[in-house]
Amino acid sequence: WLIFGGGALVLFLLILGFGAFYLGTHPQSHGATIDPENVETNEAFERENLGLTQVDDDRYIVNIVASTFNYDLGDDEEGNAVSHIEIPKGSTVLFQAVTTDVIHGLNIAGTNVNMMVEPGYISSLEVELNQTGEFTLVCNEYCGVGHHMMFATVEVV
Ligand code: CUA
């Protein structure tokens, strides 16, 4: 039984290692990489491109820079940090997120938007938002003493 248990462990580690190192599998990143200390070198994460952008009638992009302990969604016209975005019901939204420091867990509670944001990778997820209401964008990966302060609101109207 010990041999069976040990063999199963080795098999699982081999499968995990094959996926991670040979196939380059990473949660939600599709292999897209970025320098965590210079995220603005990628056009999507330039300061003026953060937050909600409409790209077509019913298509939007939301670019987010996560850091301890904040979700940066850019600034509004008055220069204040955006902490609330409104998206019309039925829209297709591409969420793209990076982190400048540690791992964060980007989750819009009550929706299926839930992805790890890891240093060095661009996490992306496209969803159709079909349920109206106000949802809270939270961090669900403990990232330090201010972990609970990482939030914003996403309203589907
Ligand atoms: Cu960021 Cu927890």
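The values are calculated or read from the model by the stated rules, or taken from the named source; none is laboratory data. Fair warning: this is a prediction, and the values are worked out from it, not measured in the lab. Please note: Cβ atoms are built from the backbone with ideal geometry, for glycine as well, and neighbour counts cover all protein chains shown.
So if I check each of GLU86, GLU77, which one is modelled with pLDDT of 95 or more and either within 16 Å of the ligand (Cβ to nearest atom) or surrounded by fewer than 15 Cβ atoms within 10 Å (Cβ to Cβ) (or both)? First the steps, then the outcome.
Numbers: GLU77 fails: modelled with pLDDT of 95 or more.
Every option except GLU86 fails the conditions.
Pick out, from the stretch 26-102, the strands (runs of 3 or more DSSP E) lying fully within it that include 2 or more residues that are within 18 Å of ILE122 (Cα to Cα) and of a type outside the set (Lys, Arg). Reasoning before the result, please.
Details: elements: 51-56, 59-67, 70-72, 84-87, 91-99.
The qualifying strands (runs of 3 or more DSSP E) are 51-56, 59-67, 70-72, 91-99.
From LEU16, LEU9, LEU23, grab the single residue that is modelled with pLDDT of 95 or more, more than 19 Å from VAL157 (Cβ to Cβ) and not β-branched (Val, Ile, Thr).
Details: LEU16 fails: modelled with pLDDT of 95 or more; LEU23 fails: modelled with pLDDT of 95 or more.
Among LEU16, LEU9, LEU23, only LEU9 is modelled with pLDDT of 95 or more, more than 19 Å from VAL157 (Cβ to Cβ) and not β-branched (Val, Ile, Thr).
Is it true that ILE61 is in the same structural domain as PHE135 (by TED's automatic domain parsing), in contact (Cβ under 8 Å) with a residue 60 or more places away in the chain and not acidic (Asp, Glu)? Break it down into steps so the answer makes sense when it comes.
Values: in the same structural domain as PHE135 (by TED's automatic domain parsing): yes; in contact (Cβ under 8 Å) with a residue 60 or more places away in the chain: no; not acidic (Asp, Glu): yes.
The answer is no for ILE61.
ASP101 passes all but one of (1) within 18 Å of LEU50 (Cα to Cα); (2) crowded, with 19+ Cβ neighbours inside 10 Å; which number fails?
Failed condition: (2).
Condition first: within 14 Å of ALA152 (Cβ to Cβ), touching a helix residue (DSSP H, G or I) at 6+ places or on another chain (Cβ under 9 Å), away from the ligand (no atom under 15 Å from the Cβ) and among the hydrophobic types (A, V, I, L, M, F, W, C). Can you find one or more residues in the stretch 48-62 that meet it?
Of the stretch 48-62, the ones within 14 Å of ALA152 (Cβ to Cβ) are 50-52, 62.
Of the ones still in play, those that are also touching a helix residue (DSSP H, G or I) at 6+ places or on another chain (Cβ under 9 Å) are 50.
Restricting the remaining residues to those that are away from the ligand (no atom under 15 Å from the Cβ) gives 50.
Those still in the list that are among the hydrophobic types (A, V, I, L, M, F, W, C) too: 50.
Within the stretch 48-62 (the criterion being within 14 Å of ALA152 (Cβ to Cβ), touching a helix residue (DSSP H, G or I) at 6+ places or on another chain (Cβ under 9 Å), away from the ligand (no atom under 15 Å from the Cβ) and among the hydrophobic types (A, V, I, L, M, F, W, C)), the answer is yes, since at least one residue qualifies.
Count, please, the residues in the stretch 129-152 that happen to be touching a residue at least 40 places away in the same chain (Cβ under 8 Å), more than 16 Å from the ligand (Cβ to nearest atom) and in a strand (DSSP E or B).
Looking only at that region, the number is 1.
Just one of the numbered conditions (1) modelled with pLDDT of 95 or more; (2) more than 13 Å from the chain's Cα centre (by Cα) is not true of LEU137; which one?
Checking LEU137 against (1) modelled with pLDDT of 95 or more; (2) more than 13 Å from the chain's Cα centre (by Cα), the one that fails is (2).
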